[in-house]
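Reading through the structure tokens given below for one structure.
The values are calculated or read from the model by the stated rules, or taken from the named source; none is laboratory data. Remember, it's a predicted structure, so these values are computed and weren't measured experimentally. Cβ coordinates were reconstructed from backbone atoms using ideal geometry, including for glycine residues, and neighbour counts include every protein chain displayed. Note: accessible area is taken over every heavy atom of the protein model, side chains too, but ligands, DNA and RNA are not part of it. Shrake-Rupley method; radii C 1.70, N 1.55, O 1.52, S 1.80 Å.
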Amino acid sequence: MPTNYLYLVSLAQNVGKFAFLASSFFGIILIFLTLFGVRKIFGTYKYLMVIFTSLGVTLACLEAVFHPNLHFYNNGFVFFSLSYPHGFSKEALEMILPFYAFVYSVTISLLAIQFIYRYWALFSLSYLTLFQGWKSIIWVAYCFFFGALWWLGDVFLLKIDDTTEKYFHEEMLNRYSVTSKEIPIMTFLAYNPNDGLIRWSSVIYSIVISGIMGFQYGAMMYCGWNMYAKMEKKISNLSAALKRHHRQLFRTLVFQITTPTIFLFSPLILVVYLPYFQLELSFPAGATVCAFNFYPAMDSIIVMIIVTEYRVVARSKIPELLPINLMKISEMLNVLLRKSMGVFRGKDSGASQTSGQIQMATLRTVS
């Protein structure tokens, strides 16, 4: 008898709730410190960080409330929900699922914008006028364009039809004790089960999603690599202390590129292309969705550990907000934070300032 995966759905829901709590906790702390504590991060970049963190918490909240699930079956996958929170109808939840994808797309688009801003803040200050006044609408439109593109792809290209309903009917009944008619569901099927021909709606969806992810990731990699390469040329004749500062900045960039690669981009590559390999499998992939929701917490932790001002302000501001009976917890967190810095420090931490040539206008890295 086929294994029922309902217990894994319950597990994924609990993990999603934990991810939401973690993302909310660290996200709220990061937003508070950014708005009311840290002075070295100012202007437009401050609000980019606040909006990005808020979007990450929103994404985790959607997962915690509506519990979207993913299931691979042979040549396709289904994206669905078994929850009906707050009396939502099936039709309403069918719009929530693509909205989740919309928020995800806006989040990775805004992440790319942060890298663009950092790059221009270092090497092309004149371009930062595009982030001021009415010109900032450009970046709002940028995010909404890619978000809408992903949303439209989910709504029209993953819409269930007779072929996909028949293909996944028995699988959903055996694994989750429901049929596709009973729940909000979106389906992806790489090949037609009747004649083996490729389904072009799925191919178009793969191209659209790959294009969105590739464009955002490409922007991040281009800006990140050029910040490293161009700064290397600038500091080649500088002192050892300033070179050490450069290596610290590069370490920051590595973490800020590696983390979204693991938690945001890699899981989607698996989702989009695994069905084309025609593997015989039945695999619940709710953990893939959960991975998205851990990223906001990880990003907030990385910023608060690596950026000097956050560490300093956190040690002074957070204890003031905690009741007396939580002071010991705060002290333990501060000790853990200081010990964590051993991972990111070099043997010699003498230099903390850099020349005007390589200063970043929006943030200061570990000193």
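Worth pointing out:
- Contact map, the range 36-51: first residue more than 13 Å from residue 117 (Cα to Cα), second residue modelled with pLDDT of 80 or more and buried (at least 20 other Cβ atoms within 10 Å of the Cβ), Cβ cut-off under 6 Å, separation 6 or more or different chains; pairs are 37/313; 38/313; 50/34.
- Per the conditions (1) closer than 30 Å to residue 197 by Cβ; (2) assigned to a helix (DSSP H, G or I); (3) in contact with a Gly (Cβ under 8 Å, 6 or more places away or on another chain), the sole criterion not satisfied by residue 115 is (1).
- Residue under evaluation residue 238, criteria (1) open to solvent by 60 Å² or more (accessible area, probe 1.4 Å); (2) at pLDDT below 85; (3) not in a helix (DSSP H, G or I), criterion not met: (1)
- One residue alone among 167, 176, 127, 117 is touching a Leu at 6+ places or on another chain (Cβ under 9 Å) and either polar (S, T, N, Q) or open to solvent by 30 Å² or more (accessible area, probe 1.4 Å) (or both), and that residue is 167.
- Of the residues making up the range 1-33, those that are hydroxyl-bearing (Ser, Thr, Tyr) and out of contact with any Phe, Trp or Tyr (no Cβ under 8 Å at 6 or more places or on another chain) are 3, 7, 10, 24.
- Test: residue 88 is of a type outside the set (Val, Ile, Thr), in contact (Cβ under 8 Å) with a residue 40 or more places away in the chain and surrounded by 16 or more Cβ atoms within 10 Å (Cβ to Cβ): no
- Residues located in the range 27-63, provided they are among the aromatic types (Phe, Trp, Tyr) and in a helix (DSSP H, G or I): 32, 36, 45, 47, 52
- All positions within the range 262-300 that are surrounded by 18 or more Cβ atoms within 10 Å (Cβ to Cβ) and of a type in the set (S, T, N, Q): 288, 293, 300
- In the range 16-32 there is no residue that is closer than 30 Å to residue 211 by Cα and among the basic types (Lys, Arg).
The rows are residues; the columns are (1) touching a Leu at 6+ places or on another chain (Cβ under 8 Å); (2) under 19 Å from residue 284 (Cα atoms); (3) open to solvent by 30 Å² or more (accessible area, probe 1.4 Å).
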site	(1), (2), (3)
3	no, yes, yes
12	no, yes, no
17	no, yes, yes
44	yes, no, yes
58	no, no, yes
70	no, yes, no
74	yes, yes, yes
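- Pick from the range 19-35, criterion touching a residue at least 60 places away in the same chain (Cβ under 8 Å) and open to solvent by 40 Å² or more (accessible area, probe 1.4 Å), ranking: farthest from residue 305 (Cα to Cα): 20
- In the range 102-141, the residue that is nearest to residue 59 (Cα to Cα) out of those that are small (Gly, Ala, Ser) and under 18 Å from the mean Cα position of the chain (by Cα) is 105.
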